[in-house]
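Notes follow the structure.
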Amino acid sequence: MLFRNMLLKYYAEAGDEGSADGAPTATATQEKQTTAQQETTANAETTNVLNSPDKEPPAAPQKFPENWRDQLAGDDAKYRKQLERYSSPEALAKAHRELQAKLSSGEFKTAKLPDKPTDEELANWRKENDVPDKSDDYLDGLPSGIVFDDAERARVGSFLAEMHGKNVSKEHVQAAIEWNQRQIEQEMVERHERNLAAQQSTEDELRQEWGPEYRRNINLINGMLEGLPQDAKELFLGAQTADGVSIFNNPGVAKFFVDLARQVNPVGTVVPGTNNISAIDTEIEQIEKVMKENRSAYNKDSKMQDRYMQLLEAKERFT
């Protein structure tokens, strides 16, 4: 038995570190645990967020969202409206880059005229910003070749003086003059067309109401105007309604003047162009002569009969 124990101890020390009956010793177990801990610690030291493998590939960068204008503008509605000019953020960036280049090159004049400039400062600034030395020089070289009469030049001259006092560029003043001239011409055309339409409408209405007396009544109106002083006549003929239509292209005005003519000059209503009752008497005598000398002719002529009655009525109103 003693020999057997010694033999087992000998092989245990030379081979596996275990107990005499082949089981691992406590020392061997502790050494293995220590080695395992060292390996775990080494792995823990070399594995961290910097060198650990990605669990999944990183997401591809996203383009700008569809509401990029809203995000850039925020609560600024005016800027949000301006952003509508650009189709994409890339277009906005390109425009910004071009603007910066122009500013850097000095293409845009940013110098502001001092509040109280000297004569030299003012002259230099006007030269650089296309402001003429005199207000009348704004009219030099108008692209459309506009020419003003004396009355128009006085009005335009006041405008030019105002613009020159505010140092407005020649380009902008000429653009304003041309726009104003186009507006005047357009308004003249429109006023003419309104008068034509009103004239036709008035004539249609009066012809329907007056019938065969239409032309005679128009002559009565003209006769009334001819009896006025020249300046008063021109005032009546030039009078217009608020939309530029002549007052005589209004049926009510025409009827008023005819009624007035009948009251003021009853003779003229039957014998246009005269206000003397003798003209009525002369024509009455001519018809009565026919009645006496050729009664049958008078009886057959209905127009003569109507005219005779008309003359008698006019003479009665006059007296």
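Couple of notes before you dig in:
- Taken together, the residues in region 195-218 that are surrounded by fewer than 16 Cβ atoms within 10 Å (Cβ to Cβ) and either under 17 Å from Leu237 (Cβ atoms) or not polar (S, T, N, Q) (or both) amount to 14.
- Residue ID - farthest from Asn219 (Cα to Cα), chosen from residues in region 235-264 that are among the polar types (S, T, N, Q) and under 43 Å from the mean Cα position of the chain (by Cα): Thr241
- Pairs where the first residue, in region 243-262, is within 11 Å of Ala198 (Cα to Cα) and the second is assigned to a helix (DSSP H, G or I) and among the acidic types (Asp, Glu), C-beta under 7 Å, 6+ apart: Pro251/Glu205
- Among the numbered conditions (1) under 30 Å from Ile247 (Cα atoms); (2) modelled with pLDDT under 90; (3) out of contact with any helix residue (DSSP H, G or I) (no Cβ under 7 Å at 6 or more places or on another chain), the only one that His192 does not meet is (2).
- Any hit, region 110-124, residues being exposed (fewer than 11 other Cβ atoms within 10 Å of the Cβ) and either of a type in the set (S, T, N, Q) or touching a strand residue (DSSP E or B) at 6+ places or on another chain (Cβ under 6 Å) (or both): yes
- In region 139-192, the residues that are in contact with a Ser or Thr (Cβ under 9 Å, 6 or more places away or on another chain) and loosely packed, with under 11 Cβ neighbours inside 10 Å: Gly165
- Under the condition of being in a helix (DSSP H, G or I) and surrounded by 14 or more Cβ atoms within 10 Å (Cβ to Cβ), the residues counted in region 125-135 number 3.
The values are calculated or read from the model by the stated rules, or taken from the named source; none is laboratory data. Worth saying up front: this structure is predicted, and the values here are computed from it rather than measured. Heads up, the Cβs are rebuilt from the backbone with ideal geometry, glycines too, and the neighbour counts pull from every protein chain shown.
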